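Read through the structure below, which is laid out as structure tokens, and then see the notes.
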Amino acid sequence: MMLGLCLLSLAIGYLLGSIPFGLILTKLAGLGDVRTIGSGNIGATNVLRTGNKALAALTLALDLLKGTAAVLIGGLFGPYAAIAGGFGAFLGHLFPVWLGFRGGKGVATFIGVALGLYWPAALGFCLVWLLVAVLTRYSSLSALTASVATVLVLTFLGQWPMAILFGLMTLLLYLRHAENIGRLRRGEESRIGGTKQRA
């Protein structure tokens, strides 16, 4: 019974997570296909490259909230179903079936899942992100560092199911940021406020 509910939550979460808000919003605003500019990503950072800050902020909020919504819906079936729902939303954002499984990089949805499951984890992520961003001005490095910190804190607190979930999501986050990591190693990654920032 529980397995079935977890699978149902995973599927619902995936469908929610796969909604490409960045693509939908830019098209509705008459700005064309966001996948044809910048990094080709459907996330808020690339939407910002259209020059519409409000649209980028809305994309960020919706990508975050779909992770939270998936957790809350799954939570109706139990705590493990909530975790499954969150993971489904994250997978949906990264690999949306509607876009040939080529989606965003998952940072906003990662935070949204954390917000739904354990809000102090979301707060901690944002604080670490902000600290690293102030020190280095690298958006990608900030997100990658914050994701690892989230896993470490959850492990330290003995929150094993969530630690495993965020560990898997962090691994996927690193895989989706492979190009950014390469540029960081070569010293070619643009800083926040630069003209070549990619995320």
Do the conditions hold for G38, that is, is it out of contact with any Gly (no Cβ under 9 Å at 6 or more places or on another chain) and either in a loop (DSSP other than H, G, I, E, B) or crowded, with 24+ Cβ neighbours inside 10 Å (or both)? yes
Expected single match for surrounded by 20 or more Cβ atoms within 10 Å (Cβ to Cβ) and either assigned to a helix (DSSP H, G or I) or among the hydroxyl-bearing types (S, T, Y) (or both) among L123, L115 is L115
Only unsatisfied item for G75, checking (1) under 21 Å from S147 (Cβ atoms); (2) not assigned by TED's automatic domain parsing to the domain that holds L157, is (1)
Enumeration of residues in segment 78-112 that are surrounded by fewer than 19 Cβ atoms within 10 Å (Cβ to Cβ), among the small types (G, A, S) and in contact (Cβ under 8 Å) with a residue 24 or more places away in the chain: G78
Would you check which residues across segment 22-35 are over 12 Å from L99 (Cβ atoms) and part of a helix (DSSP H, G or I) and list them? L25, T26, K27, L28
Which residue out of G40, G75 is free of Cβ contacts under 8 Å to residues at least 40 places away in the same chain and over 21 Å from T170 (Cβ atoms)? G40
Restricting to segment 1-39, name every residue that is among the small types (G, A, S) and out of contact with any helix residue (DSSP H, G or I) (no Cβ under 7 Å at 6 or more places or on another chain). G4, G30
Conditions first: (1) hydrophobic (A, V, I, L, M, F, W, C); (2) buried (at least 18 other Cβ atoms within 10 Å of the Cβ); (3) within 26 Å of V34 (Cα to Cα). A178 passes all but one, so which condition is the exception? (2)
Condition set part of a loop (DSSP other than H, G, I, E, B) and not hydrophobic (A, V, I, L, M, F, W, C), scope segment 1-21, selection surrounded by the fewest Cβ atoms within 10 Å (Cβ to Cβ): answer is S18
Residues K27, K66: which one is of a type in the set (K, R), over 25 Å from E189 (Cβ atoms) and surrounded by 22 or more Cβ atoms within 10 Å (Cβ to Cβ)? K66
Filtering segment 41-72 down to residues that are within 15 Å of G103 (Cα to Cα) and assigned to a loop (DSSP other than H, G, I, E, B) yields N41, I42, G43
So for segment 111-132 (the condition being hydroxyl-bearing (S, T, Y) and either farther than 17 Å from A89 by Cβ or at pLDDT below 95 (or both)), does at least one residue qualify? no
Scan (1) in contact with a His (Cβ under 9 Å, 6 or more places away or on another chain); (2) without any contact (Cβ under 8 Å) to a residue 40 or more places away in the chain for the single condition A143 breaks and write down its number. (2)
Could you say which residue among G158, G193 is outside the structural domain of G22 (by TED's automatic domain parsing), within 26 Å of F21 (Cβ to Cβ) and not in a helix (DSSP H, G or I)? G193
Checked segment 105-128 for anything touching a Lys or Arg at 6+ places or on another chain (Cβ under 8 Å) and more than 15 Å from A70 (Cβ to Cβ); matches are K105
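The values are calculated or read from the model by the stated rules, or taken from the named source; none is laboratory data. All figures in this text were calculated on a predicted structure; none of them were measured in a lab. Glycine also receives a Cβ, built like all others from the backbone with ideal geometry; neighbour counts cover every protein chain displayed.
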